[in-house]
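One structure below.
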Amino acid sequence: LEAIEVTFDYQFEYFGAIKTVPLKPGGSGIAVTTANVKEYVELMTDYLLNKSVEKQFEALKRGFLRVTTGKPLKLFTPLELERAICGCQIYDFHQL
């Protein structure tokens, strides 16, 4: 790990510019080693799956709650709501 010089930050391209997000305070100055690679993976996973989409998820959550709170929501069972949101989870590839 030391040979590839990975640090505790995440870099990505955003409209042609390279953005750097520290995964922890001072992350750009902390090398990933075999001793701390588990922490790096945990922080990177948390950033990619949670923090990087937090703003978009909160907007989706607000919109979803705006149209699903109250009496209309109580008309559906949990299974009916899951099917309406996720669709059918059983796929018949032969029928396709």
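The values are calculated or read from the model by the stated rules, or taken from the named source; none is laboratory data. What you are looking at is a predicted structure, and each value in this text was computed from that prediction instead of being measured. Cβ placement follows ideal geometry from the backbone for every residue including glycine, while neighbour counts extend to all protein chains displayed. Areas reflect the complete protein model, heavy atoms only, side chains present, ligands, DNA and RNA absent. Shrake-Rupley method; radii C 1.70, N 1.55, O 1.52, S 1.80 Å.
Computed quantities for the displayed model
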| item | result |
| --- | --- |
| Sequence-distant aspartates and glutamates (8 or more away, or on other chains) whose Cα lies within less than 19 Å of LYS74 | GLU82 |
| Answer label, with Cα Rg over 2.2 N^0.38 Å calculated from the coordinates and candidates (1) 1.31; (2) 1.06; (3) 1.67 | (3) |
| THR33 accessible area, 1.4 Å probe, all protein chains in place, Å² to nearest 10 | 40 Å² |
| Solvent exposure, largest accessible area first (probe 1.4 Å, DNA, RNA and ligands not counted), of TYR14, TYR47 | TYR14, TYR47 |
| Solvent-accessible heavy-atom area per residue, rounded to whole Å², over the chain at 1.4 Å | 86 Å² |
| Net dipole in debye of the chain [+1 Lys, Arg Cβ; -1 Asp, Glu Cβ; about Cα centre; nearest 20] | 700 debye |
| Under-5 Å amide H pairs with ASP9, H placed in peptide plane, nonlocal only | LEU23 |
| Rounded percent of accessible protein surface that carbon and sulfur make up, the chain, 1.4 Å probe | 62 percent |
| Hits among lysines - C-alpha to C-alpha of LYS51 under 23 Å, sequence gap 8 or more where chains match | LYS19, LYS24, LYS38, LYS61 |
| Net lengthening on full extension, ARG83/SER28 (0.36 nm per residue, minus Cα-Cα) | 15.4 nm |
